[in-house]
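So the structure is just underneath, and the comments pick up after that.
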């Protein structure tokens with residue numbers, strides 16, 4: 001054989017080098033996915049099995065564990081996830097050495113070297129079969145418990161409430177990490193729709209005051225389909241209110257229309273969205289954005305965000321006395337006569353028959369003040 005020619009056993013692996021590389025990437029991606037799913041399954045199993053057993057023994061009240069599963073089903077789900085995690089671990093113990101041996105064989109063949117076995121005959125196959133049987137058995141037990149839950153009408157421990165209150169002039173709402181919306185409707189009473197892991201606390205309900213707070217007791221949510229959709233929606237009859245105060249720790253606040261003469265909104269890491277504003281607004285966020293769209297700018301507005309951006313839309317015929325203070329932010333506003341972005345603090349005025357003050361403070365974020373009809377609002 002000529003020196004310039006490669007032997008067939010070397011030439012063939014080199015011809016298929018690109019497809020082989022793609023195949024090995026897929027193979028090692030499968031190994032990585034199995035490892036990740038095994039860790040997730042073991043973590044969930046180690047969490048759910050003790051919780052389910054403690055609930056069955058009565059050491060944890062149902063309100064501390066929020067789930068769509070009964071305590072027995074939760075324990076069965078934990079056992080299944082543990083068995084599944086062990087099964088995936090043994091699967092990885094079989095697949096990973098095979099993948100490495102296959103890669104070594106290919107590289108040796110491509111280099112024209114003789115392949116030598118680099119792993120012993122140690123096998124996890126018996127453990128693999130046992131873990132597979134245990135996984136299937138625990139899955140059957142879980143299906144049985146879930147079926148019994150459905151037969152006896154078990155609805156889970158997620159709190160879903162619809163409460164009705166008499167009209168009040170002052171409304172106070174405070175949550176630690178719950179998104180809530182304020183909407184208007186043609187009705188006679190204030191209606192609250194609430195989905196969360198703990199009941200809402202009604203501190204006061206009268207013809208003058210309505211105070212609602214979120215129960216901050218420690219809870220654990222597992223296998224609850226609504227746990228990522230916890231929310232509070234307050235439906236208000238269309239009328240004139242004296243004052244709104246809305247406070248949220250990490251949730252977003254959305255106000256459909258500011259019906260009160262004064263509206264104060266506070267959030268730490270959430271965002272604030274106000275639509276249809278026409279009364280006095282005082283909104284502040286620490287790390288969230290603020291958006292406010294005015295139907296009529298006839299009362300002063302105050303907005304502050306330390307790290308987020310602020311957008312204020314007003315009718316183009318409105319008179320605005322803008323006082324903007326910032327540390328490192330910017331201002332965009334063709335409405336106020338700016339042709340380009342301005343960096344730093346500034347006072348601007350757009351005169352009209354009825355001009356109102358707009359006080360805005362930002363830290364690192366910026367401010368946009370434009371005409372609402374320009375943005376299609």
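Each value in this text was obtained by applying a stated rule to the coordinates, not by laboratory testing. Keep in mind the model is a prediction, meaning the values are calculated, not measured. Here the Cβ is made from the backbone with ideal geometry for all residues, glycine too, and neighbour counts use every protein chain on show.
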*Counting other C-beta atoms within 10 Å, which of 294, 154 has the fewest, and how do the rest follow?*
154, 294
*Please build a GNM for the chain, connecting alpha carbons under 10 Å apart, and tell me which residue among 246, 37, 24 fluctuates the most.*
24
*Multiply the residue gap between residue 16 and residue 143 by 0.36 nm, knock off their C-alpha separation, and tell me the result in nm, one decimal place.*
41.0 nm
*Once both axes come from the Cα atoms, what is the angle between helix 125-151 and the longest principal axis of the chain, in degrees from 0 to 90, rounded to 10?*
40 degrees
*How far is helix 17-57 tilted off the main Cα axis of the chain, in degrees rounded to 10, range 0 to 90?*
70 degrees
*asked:* Viscosity 0.890 mPa s, temperature 25 °C: give me the Stokes-Einstein translational D for the chain in µm²/s, with Rh taken as the Kirkwood radius over C-alpha pairs.
replied: 94 µm²/s
*Residues 129, 279 arranged by fewest to most Cβ contacts within 10 Å*: 129, 279
*Assuming R0 = 51 Å, can you tell me the calculated FRET efficiency for the pair residue 296 and residue 220, based on Cβ-Cβ distance, to the nearest 0.05?*
0.60
_Simple spin-label estimate for residue 189 and residue 176 in nanometres, 7 Å along Cα-Cβ_ = 3.0 nm
*Apply 1/(1 + (r/R0)^6) to the Cβ-Cβ distance of residue 111 and residue 26, taking R0 = 25 Å, and write down the FRET efficiency to the nearest 0.05.*
0.65
*Compute the acute angle (0 to 90°) between the alpha-carbon long axis of helix 71-110 and the principal axis of greatest extent of the alpha-carbon atoms of the chain; round to the nearest 10°.*
60 degrees
*Using the beta-carbon distance between residue 130 and residue 34 and R0 = 25 Å, what value does 1/(1 + (r/R0)^6) give for FRET efficiency, to the nearest 0.05?*
0.90
_Computed [θ] at 222 nm, helices only, for the chain once each DSSP H run of length n ≥ 4 contributes -39500 (n - 2.57)_ = -11000 deg cm²/dmol
*DSSP-defined beta bridges in the chain - what % are antiparallel, rounded to 5*: 25 percent
*Evaluate the distance, in nm, between pseudo-label points positioned 7 Å from the Cα of residue 352 and of residue 164 along their respective Cα→Cβ axes.*
4.1 nm
